[in-house]
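Student: Just passing along the structure, written as structure tokens.
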Amino acid sequence: MIRFALPAVVALLALLIVSPASAFQCPKLVKQLQDATGNRYDATAADAKLAAVRAQALHTEGKHAESEQVAKEALAKLGIKS
């Protein structure tokens, strides 16, 4: 019984540790987007600014994976590695 329970407990603990860490990634990515588009007025920058707003809204809703994905896609369109 312990053989099966131990991996399950370890997996659950790993999930609990990783989830909050991902939540802190969203604001960093949004800030990176805002910094990169602050003085730009082209169409790509405008799209990235909208993506930053959307990513922040998703983060606020607790949808961290979606928020991170939106922000990373926008950064990629700007040519920035995240």
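The values are calculated or read from the model by the stated rules, or taken from the named source; none is laboratory data. These figures come from a predicted structure and were not determined experimentally. Backbone-built Cβ (ideal geometry, glycine too); neighbour counts: all protein chains shown. Ligands, DNA and RNA are excluded from the accessible area calculation, which covers all protein heavy atoms including side chains. Shrake-Rupley method; radii C 1.70, N 1.55, O 1.52, S 1.80 Å.
Student: Is it the case, given these coordinates, that residue 43 is without any contact (Cβ under 8 Å) to a residue 12 or more places away in the chain, open to solvent by 70 Å² or more (accessible area, probe 1.4 Å), of a type in the set (Gly, Ala, Ser) and out of contact with any Cys (no Cβ under 6 Å at 6 or more places or on another chain)?
Tutor: Criteria met by residue 43.
Student: Just one of 29, 50 is more than 12 Å from residue 78 (Cα to Cα) and either touching a residue at least 60 places away in the same chain (Cβ under 8 Å) or open to solvent by less than 20 Å² (accessible area, probe 1.4 Å) (or both); which is it?
Tutor: 29
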